[in-house]
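In what follows, a single structure is set out as structure tokens and then discussed.
The values are calculated or read from the model by the stated rules, or taken from the named source; none is laboratory data. Since the model is a prediction, treat every value here as computed from it, not as a measurement. Quick reminder, even Gly has a Cβ in these numbers, built from the backbone with ideal geometry, and neighbours come from all protein chains shown.
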Amino acid sequence: MATVLITGANRGLGRELARLYAANGDEVIACCRDPERRGEDIAGDIRWLPLDLADEAAIMTFPTLLRGAAIDIMIHNAAIRGATGGLADVGFADFEKVMRINAAAPLILTRELRSNLMAGEKRAVAMISSRAGSMSEGLDPDGDYAYRCSKAALNMGARKLAYDDPALTVLLLHPGWIRTDMGGPEADLDVTEAARGLAACISDAAPKDSGSFRTWNGEIVEW
Ligand SMILES: NC(=O)c1ccc[n+]([C@@H]2O[C@H](COP(=O)([O-])OP(=O)(O)OC[C@H]3O[C@@H](n4cnc5c(N)ncnc54)[C@H](OP(=O)(O)O)[C@@H]3O)[C@@H](O)[C@H]2O)c1
């Protein structure tokens, strides 16, 4: 059984991943901004910890909450969409916030928890990215500048981390267009199906896969 840390575990895809791993008998470290507002409890071995990824001090002190616990799989799931009104809606504050949470926080949190990963066996770091961050796929008539830029930046950060740190297996995963608050009700994929596919991708991943960008069902995403 593995120990799996998940960010943004209180709703959407993160919650479904937490539920899935806990149901599988794995130990889940479920992070969210406010564990008091996590909703109904999830059955299984699950430990809720506060972590606001916009808060630098919270990230830096987070390792002390874990007291050296081993982590086998770290899933950077939390993200925000930011302004969606096209170029007219791009502003420094919103853009910087989206980049901070979606692109910088996963890298910095991985760095701060590297010793926990090294104490684990799988040493997998799964970055939930998006096709929206691909240069060659995924352009749609939406108004998402900050979000798309943040996922492209996350992709490069993860590729660089995979190159620099061969002890880790760093995966970039597009979860599909899923019915969550972010994806909306018209999305074509059920969150349970997406979570199952992502968990299978992570489970099947070997060190040679580090730095790859795949969909929830294992297809390669072009950069
Ligand atoms: N839904 C889709 O169709 C889709 C498509 C491609 C990629 N993705 C990616 O899949 C992942 C999950 O998306 P989702 O659809 O589940 O989104 P969601 O329903 O909007 O949930 C987002 C999660 O991120 C958390 N979060 C936001 N800001 C945070 C912060 N500062 N610190 C900690 N947690 C924070 C939220 O917590 P609060 O409740 O506290 O806000 C929530 O748990 C994201 O990385 C997203 O970019 C989604």
(request) Return yes or no: is Glu36 among the charged types (D, E, K, R), more than 7 Å from the ligand (Cβ to nearest atom), surrounded by fewer than 23 Cβ atoms within 10 Å (Cβ to Cβ) and outside any loop (DSSP other than H, G, I, E, B)? (result) yes
(request) Those residues that are more than 14 Å from Ala132 (Cα to Cα), surrounded by 14 or more Cβ atoms within 10 Å (Cβ to Cβ) and basic (Lys, Arg), I need them from the stretch 167-223; list them, please. (result) Arg179, Arg196
(message) Suppose we filter the stretch 119-137 for residues that are under 19 Å from Gly183 (Cβ atoms) and within 19 Å of the chain's Cα centre (by Cα); how many remain?
(response) 9
(request) Would you check if there is a residue in the stretch 163-172 being more than 11 Å from Ala126 (Cα to Cα), in contact with a Gly (Cβ under 9 Å, 6 or more places away or on another chain) and in a helix (DSSP H, G or I)? (result) yes
(request) Scan Gly8, Gly14, Gly85, Gly44 and give me the residue that is small (Gly, Ala, Ser) and surrounded by fewer than 16 Cβ atoms within 10 Å (Cβ to Cβ). (result) Gly85
(message) What pairs come out if I take residues in the stretch 45-58 that are more than 18 Å from Phe95 (Cα to Cα) and pair them with residues that are within 8 Å of the ligand (Cβ to nearest atom) and outside any loop (DSSP other than H, G, I, E, B) whose C-beta lies under 6 Å away, six or more apart or interchain?
(response) Leu49/Cys31; Leu51/Cys31
(message) Please verify whether Ile101 is more than 19 Å from Asp144 (Cβ to Cβ) and not aromatic (Phe, Trp, Tyr), treating the condition exactly as stated.
(response) no
(request) Please give the number of the condition Ala69 fails out of (1) within 16 Å of the ligand (Cβ to nearest atom); (2) out of contact with any Phe, Trp or Tyr (no Cβ under 8 Å at 6 or more places or on another chain). (result) (1)
(message) When you scan the stretch 78-93, do you find a residue that is closer than 21 Å to Pro50 by Cβ, touching a helix residue (DSSP H, G or I) at 6+ places or on another chain (Cβ under 6 Å), in a loop (DSSP other than H, G, I, E, B) and at pLDDT 95 or above, even just one?
(response) yes
(message) Quick check on Ala104: is it within 18 Å of Arg214 (Cα to Cα) and either touching a residue at least 40 places away in the same chain (Cβ under 8 Å) or buried (at least 18 other Cβ atoms within 10 Å of the Cβ) (or both)?
(response) no
